[in-house]
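> Right, I'll just put the structure down here and ask away after.
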Amino acid sequence: MRCPVCGHSDTKVVDARNQRDAPVKRRRRECSECGRRFTTYERIEGLLPQVVKRDGRREPYDRDKLLRGLRKACEKRPVSSDEIEDCASRVESVVLESGAREFQATAIGEELLRELRELDPVAWLRFASVYMNFKTIEEFRDALDAIES
């Protein structure tokens, strides 16, 4: 594994643990050249299922797309990269554990909403406004009322 700071190719694993409720192994690594530590995540790549979009299109499941949506919702919020990765892993495990070859995009969206509600209410509102396609201020008010109750 190459060090993201100095680019040196010799790093060692100083800690490894499985993520709870997720098929991901978290590894803490240290560069033997510069001494900096960084975290990597390892997961098994299998045959990825197809995601059925709202308009009926199908596309391969893409973890990076899930992470981009989470990062956008959590932008400028007190949510760490590790928390975002953990959230993505939990959503992924819930959705993918069924073993189905296809699943609805809405299943990912609903699971993300559940996770974000616990993680950060502002990030939840940001994601919900895009996911639920809010068009009026009243829809925002209704969502705020829902999260506050």
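> With only Lys, Arg, Asp and Glu charged, each at its Cβ (+1 for the first two, -1 for the last two), find how big the charge dipole of the stretch 9-133 is about the Cα centre; round to the nearest 20 debye.
Its charge dipole is roughly 200 debye.
> For the chain, list the cysteines whose Cβ sits under 4.7 Å from no other cysteine Cβ?
Cysteines of the chain left without a disulfide-compatible partner: Cys74, Cys87.
> Identify, among Val5, Ala16, Cys31, the residue whose Cα sits farthest towards the positive end of the charge dipole of the stretch 1-44, taking +1 on the Cβ of Lys and Arg and -1 on the Cβ of Asp and Glu, with the dipole about the Cα centre.
Ala16
> With axes computed from alpha carbons, what is the tilt in degrees of helix 81-96 against the longest principal axis of the chain, rounded to the nearest 10 within 0 to 90?
70
> Further question on the same structure: Taking only the alpha carbons of the chain, what extent do you get along each of the three principal axes, in Å, biggest first?
56, 35, 25
> DSSP beta bridges in the chain, what fraction antiparallel, as a percent rounded to 5?
Of all bridge pairs located within the chain, approximately 85 percent are antiparallel.
> Given the options Pro60, Pro121, Pro49, state which has the largest fluctuation in a GNM of the chain using a 10 Å cut-off (strictly under) for Cα springs.
The residue with the greatest mean-square fluctuation here is Pro60.
> So between Arg27 and Leu144, what do we pick up on full extension, going 0.36 nm a residue minus the alpha carbon distance?
38.3 nm
> Report the extension gain between Arg2 and Phe134 in nm, rounded to one decimal, defined as 0.36 nm multiplied by the number of residues separating them, less their alpha carbon distance.
Taking Arg2 through Phe134 to full extension adds about 43.2 nm, to one decimal.
> Going by Cα centres, the stretch 104-136 and the stretch 25-90 are how many Å apart?
Cα centroid to Cα centroid, the span is 17 Å.
> I need the phi-derived Karplus couplings for the stretch 103-118: 6.51 cos²θ - 1.76 cosθ + 1.60, θ = phi - 60°, integer Hz, Gly and Pro marked x.
The phi angles translate into 8, 6, 4, 5, 5, 5, x, 5, 5, 4, 4, 4, 5, 5, 4, 7 Hz.
> Restricting to lysine pairs 8 or more places apart or on different chains, what number in the chain have Cα atoms under 23 Å apart?
Lysine pair count for the chain: 7.
Bear in mind these aren't lab numbers, they're just calculated from the coordinates by the rules spelled out. Not measured: the values here are computed from a predicted model. Cβ coordinates were reconstructed from backbone atoms using ideal geometry, including for glycine residues, and neighbour counts include every protein chain displayed.
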